[in-house]
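See below for the structure under consideration.
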Amino acid sequence: MSATFLELSAVSKRFSPRLSLGERIAAALGGDVETRTVHAVDGVSLTIKAGEALGLVGESGCGKTTLGRIAAGSMAPSEGIVRLDGVPVIGPGPHPRKLTTRIQTVFQDPFASLDPRMRIGDIIAEGPIAHGLVSKDAAAALVGEWLGRVGLDPSFASRYPHMFSGGQRQRVAIARALAMKPDILVCDEPVASLDVSIQAQIVNLFLQLRRELGLTMLFISHDLGVVRHICDRVAIMYLGRIVEIGAAEAIYGDPRHPYTRALLDSVPKLVIEDGTNVVFKPIQGELPSPLSPPRGCHFHPRCPIAMDRCRGEIPALKASGTQSAACHLAPT
Amino acid sequence: MTAPLLAVEGLTTEFATKAGILRAVNGVSFEVARGEVMGLVGESGSGKTVTGFSILGLIDPPGRVTGGSVRLDGQELVGLPGGAMRAIRGKRIAMVFQDPAMTLNPVLSIGTQMGLAIRAHANMSEAKARQHMAAVLTRVGIPDAARRLDAFPHQFSGGMRQRVAIAMALLHAPDLIIADEPTTALDVSIQAQILAEVKSLVAETGMAMIWISHDLATVSSLAHRIAVMYAGRIVEQGPAVAVLRQPRHRYTSGLLASLPSRAQPGAELVQIPGAPPSLTALPPGCAFAPRCPRADRACETLPAMTREGQRVHACHHPVEAGEAA
């Protein structure tokens with residue numbers, strides 16, 4: 001089956017600070033109240049097919065975590081809708097509820113995402129019991145099974161999180177997400193806080209679980225190397241917008257958007273020739289404040305090939321081959 | 001060969017903890033020549049940061065440098081009284097830390113803090129100091145530096161703050177800068193900018209640098225020499241190209257082999273099993289033995305440092321040329 005599975009349509013998320021009473025009155029009277037709104041996610045549409053792993057790459061503050069939370073149904077978008085198999089993943093209203101257990105999340109920091117006062121077994125079994133996926137009596141067997149699957153000894157179920165290293169804790173967090181039998185796993189920087197020698201272990205675990213369970217994944221990371229290794233498709237995000245999306249080989253082999261190109265150039269590569277000759281080609285300037293993003297193409301102030309049109313007109317994603325880039329100058 | 005700028009020999013730093021004596025740095029020896037960038041690579045807890053702190057005499061109780069020597073141009077730094085050490089710290093050896101948000105005082109303007117750093121070691125008039133500060137800030141790529149002196153740290157982005165921290169280290173044109181994971185907290189595009197900046201600084205000023213990092217790729221693009229630390233000891237060191245191209249220690253080869261860039265996308269990565277040992281419960285022999293595919297009875301004794309030309313390694317069964325890691 002390769003039908004569209006998870007679909008994000010024109011999703012936006014704005015964060016604005018609460019206005020004080022005075023400001024609200026002024027606004028109601030038609031006054032000019034300055035609202036410092038952050039467009040964390042700005043009109044993003046994308047689809048993930050069943051069994052596919054989509055990598056979401058961007059620098060800090062680009063909105064990738066917010067987009068991940070919206071895709072997982074744990075945060076409602078300000079505009080747009082997320083559907084899983086055609087069904088909305090989150091309810092309406094001011095305090096919306098997530099409507100599905102088929103999407104689960106693995107977070108970045110396994111030291112913060114596991115309750116230090118709960119035993120590993122209870123951490124893993126809590127969700128399935130609460131949702132009636134397993135009876136209390138059968139929970140222990142379920143916990144044992146998942147601990148084994150993520151490479152931990154089933155006897156660890158009675159231990160507490162502090163008795164484990166970072167890599168082992170991340171395995172527990174993965175087991176907790178998978179015990180809910182999700183169809184989609186949203187992983188937010190799952191290897192970023194791990195030691196180098198442990199990262200490879202967790203990357204391998206993801207590869208193995210994908211093979212065994214046919215998992216669909218949204219893999220959020222700033223690490224282009226890890227994403228390349230795990231994902232079939234990659235989306236590059238800049239200041240709330242997707243600037244390029246497509247098959248991983250295409251994005252890495254022939255980047256069309258100047259930001260993608262610059263990002264790939266910025267990644268330090270292991271040099272085994274005389275490293276002292278390496279010339280860096282850094283992107284000029286810094287990420288602009290999301291409070292006042294540049295008009296037109298958000299990347300134009302840092303772009304080496306920007307022209308007048310880029311300053312006024314937002315470029316749309318244009319498809320060519322297996323990839324799409326949002327750049328007026330992208331080759332088609 | 002001329003005498004090295006910095007000679008560290010058998011440096012040992014211990015912390016007294018409830019669980020017993022924790023030897024964070026365990027007989028570490030290396031040298032740094034003038035104008036040389038030395039990459040100190042290791043995972044968290046391997047002792048690389050404590051090594052940097054020990055060199056600068058920044059170890060506070062319950063920690064203590066219990067052995068070895070650190071000589072700067074022949075002058076012994078271990079056991080130097082506080083005042084004499086302060087005259088060196090910040091002037092001849094400066095440090096750049098990982099998190100610039102923690103390094104800078106949030107309630108003082110950049111100019112005020114840099115001024116304090118200047119007057120700690122030099123007599124300079126206010127006007128001249130400001131001129132000097134602006135020049136150094138410009139040197140590390142801060143635009144409009146003279147005006148930015150009156151700005152506070154929170155008005156700078158993370159990358160700019162790290163530039164300010166580097167500028168503060170540069171104020172007295174030190175002989176040696178110890179940089180502890182200075183780009184780890186930054187985004188890749190900013191990291192690339194800082195690396196480019198540091199690279200040209202080293203080339204122009206001829207100062208030496210110890211670049212502490214867990215990231216082999218970053219180190220490989222900067223360092224002339226590399227030392228790899230594991231569980232408080234240096235397990236391998238030598239010219240960067242040689243160590244990275246033909247690692248001798250199996251920890252180094254394992255780390256290199258596990259890099260995703262070394263594998264076909266989607267293929268299983270070569271992984272080092274297990275996790276780094278606790279420093280309070282080190283195995284008696286080679287600390288890497290429990291995770292090493294080649295470990296045998298011989299590894300129950302501590303491997304000696306074996307010298308091979310410009311390289312040293314501490315392994316009973318070093319990786320041979322042509323052998324798949």
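Worth a mention:
- Segment B:252-269 - residue that is buried (at least 21 other Cβ atoms within 10 Å of the Cβ) and more than 8 Å from chain A (Cβ to nearest Cβ) and, of those, farthest from the chain's Cα centre (by Cα): B:Ser253
- Residue within segment A:308-315 that is assigned to a loop (DSSP other than H, G, I, E, B) and either among the polar types (S, T, N, Q) or within 15 Å of B:Ala217 (Cα to Cα) (or both) present: no
- Meets criteria (within 29 Å of B:Leu279 (Cα to Cα), over 19 Å from the mean Cα position of the chain (by Cα) and not in a loop (DSSP other than H, G, I, E, B)) for B:Met85: yes
- Residue within segment A:252-274 that is more than 10 Å from chain B (Cβ to nearest Cβ), of a type in the set (A, V, I, L, M) and either part of a loop (DSSP other than H, G, I, E, B) or within 21 Å of A:Gly63 (Cα to Cα) (or both) present: no
- Of the strands (runs of 3 or more DSSP E) lying entirely inside segment A:1-102, those carrying at least 2 residues that are within 27 Å of A:Glu249 (Cβ to Cβ) are A:4-15, A:38-49, A:53-57.
- Taking segment B:89-111 as the range and being out of contact with any strand residue (DSSP E or B) (no Cβ under 7 Å at 6 or more places or on another chain) and surrounded by 14 or more Cβ atoms within 10 Å (Cβ to Cβ) as the test, the residues that pass are B:Arg89, B:Gly90, B:Lys91, B:Asp99, B:Pro100, B:Ala101, B:Thr103, B:Leu104, B:Leu108, B:Ser109, B:Ile110, B:Gly111.
- The single residue among B:Arg262, B:Arg307, B:Arg311 that is of a type in the set (Lys, Arg) and closer than 30 Å to A:Ala248 by Cβ turns out to be B:Arg262.
- Candidates B:Pro61, B:Pro106 - the one that is modelled with pLDDT of 90 or more, in a loop (DSSP other than H, G, I, E, B) and more than 18 Å from the chain's Cα centre (by Cα): B:Pro106
- Residue match in segment A:61-72 (condition: crowded, with 23+ Cβ neighbours inside 10 Å and among the charged types (D, E, K, R)): yes
- Any hit, segment B:293-314, residues being assigned to a loop (DSSP other than H, G, I, E, B), within 14 Å of another protein chain (Cβ to nearest Cβ) and under 17 Å from B:His214 (Cβ atoms): no
- Selection status of A:Ser289, within 11 Å of chain B (Cβ to nearest Cβ), farther than 25 Å from B:Leu222 by Cβ and among the polar types (S, T, N, Q): yes
- Contact map, segment B:133-158: first residue more than 21 Å from B:Leu201 (Cα to Cα) and of a type in the set (Gly, Ala, Ser), second residue at pLDDT 90 or above and in a helix (DSSP H, G or I), Cβ cut-off under 6 Å, separation 6 or more or different chains; pairs are B:Ala151/B:Ile110.
- Candidate set: segment B:156-211, residues that are within 14 Å of chain A (Cβ to nearest Cβ) and at positive phi; chosen: the one surrounded by the fewest Cβ atoms within 10 Å (Cβ to Cβ): B:Gly206
- In segment B:110-123, the residues that are within 15 Å of B:Ala165 (Cβ to Cβ) reach residues that are surrounded by fewer than 17 Cβ atoms within 10 Å (Cβ to Cβ) and among the small types (Gly, Ala, Ser) with C-beta atoms within less than 7 angstrom, at least six apart or across chains, in these pairs: B:Ile110/B:Ala151.
A quick yes/no check of all residues on (1) out of contact with any strand residue (DSSP E or B) (no Cβ under 7 Å at 6 or more places or on another chain); (2) within 12 Å of another protein chain (Cβ to nearest Cβ); (3) touching a residue at least 40 places away in the same chain (Cβ under 8 Å); (4) of a type outside the set (A, V, I, L, M, F, W, C):
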{"site": "B:Gly232", "(1), (2), (3), (4)": "no, no, yes, yes"}
{"site": "B:Ala240", "(1), (2), (3), (4)": "no, yes, yes, no"}
{"site": "B:Arg248", "(1), (2), (3), (4)": "no, no, yes, yes"}
{"site": "B:Gln271", "(1), (2), (3), (4)": "yes, yes, no, yes"}
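- Lone qualifier among A:Ser221, A:Ser197 - being facing another protein chain (nearest Cβ under 9 Å), buried (at least 20 other Cβ atoms within 10 Å of the Cβ) and small (Gly, Ala, Ser): A:Ser197
- Any hit, segment A:260-281, residues being under 18 Å from A:Pro315 (Cα atoms) and within 20 Å of the chain's Cα centre (by Cα): yes
- Residue list for segment A:201-218, restricted to those being facing chain B (nearest Cβ under 7 Å) and either modelled with pLDDT under 90 or closer than 12 Å to A:Gly166 by Cβ (or both): A:Gln201
- Scanning segment A:177-213 for residues that are part of a helix (DSSP H, G or I), farther than 21 Å from A:Asp232 by Cα and in contact with a Gly (Cβ under 8 Å, 6 or more places away or on another chain) turns up A:Ser197, A:Ile198.
The values are calculated or read from the model by the stated rules, or taken from the named source; none is laboratory data. The structure displayed is predicted, hence computed values, not measured ones. With ideal geometry, Cβ positions are generated from the backbone for all residues, glycine too; neighbour counts draw on all protein chains shown.
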